[in-house]
Each structure stands twice: as C-alpha cells, then as structure tokens.
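Peer 1: Please find one structure pasted underneath; my questions will follow.
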Amino acid sequence: MTIYKTTTDTLASLIIPGFIAVMIIVTAMTGYKSIGQMDGGPAIILAFLAPALLAVMLVAFWLYRPEAIELTDDALVIRRKISAVSIPYSDIVQITLPDNKDLRLAVRTFGNGGLFGYTGKYYKQPYGSMTWYCSQRKNYVLLETTGGKKIVVTPDERDAMVNELRSRLGQRN
C-alpha cells in the first residue's frame, strides 16, 4: 500500500477565507435587513437561513475533499474524510496524462470549483464528461474505466503514482 498526497493549490487555499468572509458578510447583511424590516420569528429565521446554508456547504466540501490517493493491493482509493472512492484495478482500462493546459477551461457541470479543491462533474472536449477528485489545477491523471467513466485525480507526485499504478496493472497502459 502506497499513499500519495493531494495538496490543495494556492487558488483553492485562497478561496477558503474568501468564502468565510462572504459567509460573515451575508450573515451581517441578512440579519441587519431582516431584523430591521420584520418583527419576531420570521426575521430571525430569515437572518440565519442563508448563513446556515453556506455553513453546510463549507462543511460538506471539507468532508468530501480528496486528501490522498492510496494504491492498495487491488484498488486505487481516493481518501476523503467520509466516503472514500475505490476503483478496482480490474476496472481501469486506460491512463492518460493530460497537460495542465488541456483541462484548464473545463466546464463545471455540477460540483465544486475551488473550495477545498475541484470536485464533481466537469466537461471538456475532447475528453467529454469527467468526475474530478482534484485538489489542484495541475498533475492531472485521467483514468478511464470499463464502464466508460472518466475520473480525474491530481496527486502531488504524479509520475511516481502513475508508474506504480501501471506496474500494478501489469504494464498494460
């Protein structure tokens, strides 16, 4: 078993305090306007609803952030605080190493674009739809599975991980 770290890049690291600042501003502005315009219970509920939703998003993105990639005896495992993702080696049919520029303007169709990483569904020609478990905007590794799924990960030590993964796959990629 080998573990490869997935360090958060500078942009994602800067988005975190920016998001928290937005949470504080929304809380202050919503509370000020709501309490000034309404009386009683509805004002208090409205004042805390938006910040509560932002806080839930913050926690969810933190829990699902890719922390490391682990190569076990039989699978590549994307470790997260909850709900690790396991891809059996028998399901991996191709490994591609896109250039950083190739995926730079990928379109996020459903997911997170920088808060603790870049996760969710993305689209970019010529690759098509992909599921990203990325912590940075470099070191891309694109895995294609037997089911036609395309999964993108970003280990800090991309070449070392790919070499070991290819070795575990029997040099077929």
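The values are calculated or read from the model by the stated rules, or taken from the named source; none is laboratory data. Note that the structure is predicted; figures quoted are calculated from it, not measured. All Cβ positions, even for glycine, are placed from backbone atoms using ideal geometry, and neighbour counts span all protein chains on display. In case anyone asks, the SASA skips ligands and DNA or RNA and just uses the protein heavy atoms, side chains included. Shrake-Rupley method; radii C 1.70, N 1.55, O 1.52, S 1.80 Å.
Peer 1: So what J values fall out for segment 118-135 if you push phi through Karplus, 6.51 cos²θ - 1.76 cosθ + 1.60 with θ = phi - 60°, rounded to Hz, Gly and Pro as x?
Peer 2: 10, 10, x, 8, 9, 9, 7, 6, x, 7, x, 6, 9, 10, 9, 10, 10, 10
Peer 1: In addition: Name the residues whose placed amide hydrogens come within less than 5 Å of the amide hydrogen of Ala84, ignoring near sequence neighbours (fewer than 5 apart) on the same chain.
Peer 2: none
Peer 1: Expressed as a whole percentage, what fraction of the accessible surface of segment 54-117 belongs to carbon and sulfur atoms when a 1.4 Å probe is rolled over the protein heavy atoms?
Peer 2: 56
Peer 1: I've got another one for you. Size of segment 97-146 along its principal axes in angstrom, Cα-based, largest extent first?
Peer 2: Principal extents (Cα only, largest first): 27, 19, 19 Å.
Peer 1: Counting pairs of Cα atoms in segment 55-98, how many percent are more than 15 Å apart?
Peer 2: So the portion of pairs separated by more than 15 Å is 53 percent.
Peer 1: Can you run phi through the Karplus equation (6.51, -1.76, 1.60; θ = phi - 60°) for segment 50-66 and list ³J(HN,Hα) in whole Hz, with x for Gly and Pro?
Peer 2: 4, x, 5, 5, 5, 5, 4, 4, 4, 5, 4, 5, 5, 5, 9, 5, x
Peer 1: Given C-alpha coordinates of segment 119-173, what is the ratio Rg to Rh with the Kirkwood estimate of Rh?
Peer 2: 0.98
Peer 1: Follow-up. Counting pairs of alpha carbon atoms under 8 Å apart in space and at least six apart in sequence, what relative contact order in percent does the chain give?
Peer 2: 23
Peer 1: What ³J(HN,Hα) values, in whole Hz, does the Karplus curve 6.51 cos²θ - 1.76 cosθ + 1.60 give for segment 143-159 when θ = phi - 60°, with x put for Gly and Pro?
Peer 2: Running phi through 6.51 cos²θ - 1.76 cosθ + 1.60 with θ = phi - 60° gives 10, 10, 9, 4, x, x, 6, 10, 10, 10, 10, 9, x, 4, 9, 4, 5 Hz.
Peer 1: List the pairs from Lys81/Lys150; Lys121/Lys149; Lys5/Lys124 whose alpha-carbon separation is above 20 Å, in the order I gave them.
Peer 2: Among Lys81/Lys150; Lys121/Lys149; Lys5/Lys124, the Cα-Cα distance tops 20 Å for Lys81/Lys150; Lys5/Lys124.
Peer 1: So if each residue of separation counts as 0.36 nm, and I subtract the Cα-Cα distance between Leu105 and Tyr123, what length gain in nm does that give?
Peer 2: 5.6 nm
Peer 1: Pull up all non-local amide H partners of Leu76: gap of 5 or more, or a different chain, and H-to-H distance under 5 Å with H placed in the peptide plane.
Peer 2: Excluding prolines and chain starts, which carry no amide H, the hits are Ile87, Tyr89.
Peer 1: Would you calculate a helix-derived [θ] at 222 nm for the chain, using -39,500 (n - 2.57) for each DSSP H run of n ≥ 4 and dividing by the full residue count, to the nearest 500?
Peer 2: Per the formula, -12500 deg cm²/dmol.
Peer 1: Could I have the simple spin-label model distance between Ala55 and Ala28, label points 7 Å from Cα toward Cβ, reported in nm to one decimal?
Peer 2: So the label points at Ala55 and Ala28 sit 1.8 nm apart.
Peer 1: Thinking of the chain as a set of Cα atoms, what percent of all their pairs are more than 29 Å apart?
Peer 2: 31
Peer 1: Can you work out the accessible area per residue across segment 51-173, with the rest of the protein chains kept in place, probe 1.4 Å, in square angstrom?
Peer 2: 50
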